[in-house]
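Have a look at the structure below, then the notes.
The values are calculated or read from the model by the stated rules, or taken from the named source; none is laboratory data. Worth saying up front: this structure is predicted, and the values here are computed from it rather than measured. As a convention, Cβ positions derive from the backbone with ideal geometry for all residues, glycine included, and neighbour counts pool all protein chains shown.
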Amino acid sequence: MKKDIYVRNLEKRDLPAIVSMEERQTGVARPDYWEKRIEISEAIRPHWASLVAELDNRVVGFVLGRAGEFEFGLPGTVAWIEIIGVDPAFRRQGIAQGLVKQFAESAEDHGIKTIFTLVDSSHNEMQHFFSRLGFVHGKMLHYQKELAG
């Protein structure tokens, strides 16, 4: 029997779970980084744009997103998925899909018609994930410049 995933707005109390998730994935704990990201999320982002997924009252995934107007010359308001993470022990259970679905529904409820995200070209799994959810290569081009030092 598949358990229901509960998606809710991210809160400060979710910090330890997010830090733990990243540490188990990468071997590095960055509580100060995540504390700042959550503070920024609470201060300037729409409440609906940063979410956590719970399974049996345990945080098992999160998404940090935002909304912006006329960014990069784009007309109107768009939404961005900046970071998405799922506890390694709970992958392939529809958690990330549930988070993106809720994010998209909330964006649409706020009159937003387009969601953007960036995916590293070497991360095939993430490319396939977003493709399965209906995301396509957009018209924008990504440019970068490596700096010495």
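Annotation note: Cβ proximity below 7 Å between a residue of segment 11-34 that is touching a residue at least 60 places away in the same chain (Cβ under 8 Å) and a residue that is surrounded by 13 or more Cβ atoms within 10 Å (Cβ to Cβ) and assigned to a helix (DSSP H, G or I) (sequence gap 6+ or interchain) occurs for ILE18/TRP34. Screening segment 1-47 for residues that are surrounded by 11 or more Cβ atoms within 10 Å (Cβ to Cβ) and small (Gly, Ala, Ser) and picking the one that is farthest from LEU64 (Cα to Cα) gives ALA29.
Here is a check on your reading of the model: is ILE83 within 26 Å of HIS142 (Cβ to Cβ), over 13 Å from the mean Cα position of the chain (by Cα), of a type in the set (A, V, I, L, M) and surrounded by fewer than 20 Cβ atoms within 10 Å (Cβ to Cβ)? So ILE83 does not fit the description; no. Let me spell it out: the conditions are (1) in contact (Cβ under 8 Å) with a residue 12 or more places away in the chain; (2) out of contact with any Gly (no Cβ under 6 Å at 6 or more places or on another chain); (3) β-branched (Val, Ile, Thr), and VAL7 meets all of them except one. Which number is the exception? All conditions are met except number (2). Scanning segment 92-149 for residues being more than 20 Å from GLU54 (Cβ to Cβ) and not in a loop (DSSP other than H, G, I, E, B) gives a total of 15. Could you list, in sequence order, all residues of segment 116-132 that are among the polar types (S, T, N, Q) and either loosely packed, with under 12 Cβ neighbours inside 10 Å or free of Cβ contacts under 8 Å to residues at least 24 places away in the same chain (or both)? Matches in segment 116-132: SER121, SER122, ASN124, GLN127, SER131.
Every test in (1) within 20 Å of TRP34 (Cβ to Cβ); (2) surrounded by fewer than 15 Cβ atoms within 10 Å (Cβ to Cβ) is passed by PHE103 save one, and that test is (2). Might you check whether a residue that is small (Gly, Ala, Ser), within 20 Å of GLU22 (Cβ to Cβ) and modelled with pLDDT under 95 occurs anywhere in segment 50-58? For segment 50-58, residues small (Gly, Ala, Ser), within 20 Å of GLU22 (Cβ to Cβ) and modelled with pLDDT under 95: present.
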